[in-house]
1. Right, residue 227: surrounded by fewer than 19 Cβ atoms within 10 Å (Cβ to Cβ) and touching a residue at least 40 places away in the same chain (Cβ under 8 Å) or not?
2. Could you give every pair whose Cβ atoms fall below 7 Å, whose first residue belongs to segment 80-95 and is closer than 15 Å to residue 198 by Cα and among the acidic types (Asp, Glu), and whose second residue is modelled with pLDDT of 85 or more and exposed (fewer than 14 other Cβ atoms within 10 Å of the Cβ), counting only separations of at least 6 or pairs across chains?
3. Answer yes or no: is there a residue in segment 34-55 that is crowded, with 18+ Cβ neighbours inside 10 Å, closer than 25 Å to residue 232 by Cα and modelled with pLDDT under 90.
4. Taking into account only those residues within segment 160-177 that are touching a residue at least 24 places away in the same chain (Cβ under 8 Å) and β-branched (Val, Ile, Thr), which is nearest to residue 83 (Cα to Cα)?
5. Quick check on segment 234-249. Is at least one of its residues aromatic (Phe, Trp, Tyr), at pLDDT 95 or above, within 25 Å of residue 124 (Cα to Cα) and touching a strand residue (DSSP E or B) at 6+ places or on another chain (Cβ under 6 Å)?
6. Quick check: anything in segment 138-160 closer than 22 Å to residue 218 by Cβ and part of a strand (DSSP E or B)?
7. Identify, by number, the condition in (1) in contact with a Gly (Cβ under 8 Å, 6 or more places away or on another chain); (2) outside any strand (DSSP E or B); (3) under 26 Å from residue 123 (Cα atoms) that residue 212 doesn't meet.
8. Return a yes/no flag: does segment 191-205 have any residue that is over 30 Å from residue 62 (Cβ atoms) and assigned to a loop (DSSP other than H, G, I, E, B).
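The values are calculated or read from the model by the stated rules, or taken from the named source; none is laboratory data. Since the structure is predicted, the reported quantities are computational estimates derived from the model, not experimental observations. Glycine also receives a Cβ, built like all others from the backbone with ideal geometry; neighbour counts cover every protein chain displayed.
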Amino acid sequence: MKLSAKYIKILIPVGVLLIASGAFATIPGFREWFGPRLPKKEKRIVISENDKQQKAIISELTKLLHAMDTVTYITIAGTMDAQDLGDESNNIQGDFCYTRQGNQGYYQFGDNEMVSLTDAYIVVAHDMKKIYVSEPKEVVNPVRMSADMEATFLSRETYNVTRTADGPLTQISLVNNRHASCREYRVSFDSAGVIRRAVMRMSNPMEMEDLSKDRLLKVTVRSFEPGEVRQDLLRMERYVTMNNGELAPSRRLKGYELIKD
């Protein structure tokens, strides 16, 4: 596993986006599940923009994403369910935890952990009993464009955009079954603007026109705690220690293979 592998950009909000596009792109399973493959040649299509009402909904969505993306001291926990409709053996399910303190961050999904510290970048693959250690990496906010630029971009992706009630939540949906990559994106948020559920339906890069082989990513946020940080998860000694001048697995990871990247 190469920790320097390119991160994919997935339109999933807040810590969920960070987890999906950053942390788990480096973990076996998720890296393969979302890994890039050569797509079939796409047909040329004419791009049209959404109407004024739909643009207003898209603008609301992008502002919501950007507002949550600016929170750099936070802890989020929930569940993630990744389904490959064409191959059930690729399905991945589990709980996740994300905590961030400024330029340090921690992600956990199922049996795997990733932590970006000031002194090192560490991935722990418990299923393989391996610890990958590399040079520290910057923890960046995934939403790079401004809210207005993001809204303009999405308004040209020919999505049908709706805003409806989802029980006590409000749901914004973007749907286009002919989209080359993301066919559907649904976000449900509460009155405080906290995203509680998100669903993405992505095409299979090898079978873009076959909806029966799409991939689904469903995320449910159980707890959202701005200002709260799990300090215990951001300590180097939780993962590795110095032993006679050499890095070694911590006591809780005794027996794991340590690999320097």
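1. For residue 227, the condition - surrounded by fewer than 19 Cβ atoms within 10 Å (Cβ to Cβ) and touching a residue at least 40 places away in the same chain (Cβ under 8 Å) - is met.
2. 81/93
3. no
4. If we take residues in segment 160-177 being touching a residue at least 24 places away in the same chain (Cβ under 8 Å) and β-branched (Val, Ile, Thr), then 172 is nearest to residue 83 (Cα to Cα).
5. Scanning segment 234-249, I find at least one residue that is aromatic (Phe, Trp, Tyr), at pLDDT 95 or above, within 25 Å of residue 124 (Cα to Cα) and touching a strand residue (DSSP E or B) at 6+ places or on another chain (Cβ under 6 Å), so the answer is yes.
6. There is at least one residue in segment 138-160 that is closer than 22 Å to residue 218 by Cβ and part of a strand (DSSP E or B).
7. Only one criterion in (1) in contact with a Gly (Cβ under 8 Å, 6 or more places away or on another chain); (2) outside any strand (DSSP E or B); (3) under 26 Å from residue 123 (Cα atoms) is unmet by residue 212, namely (3).
8. no
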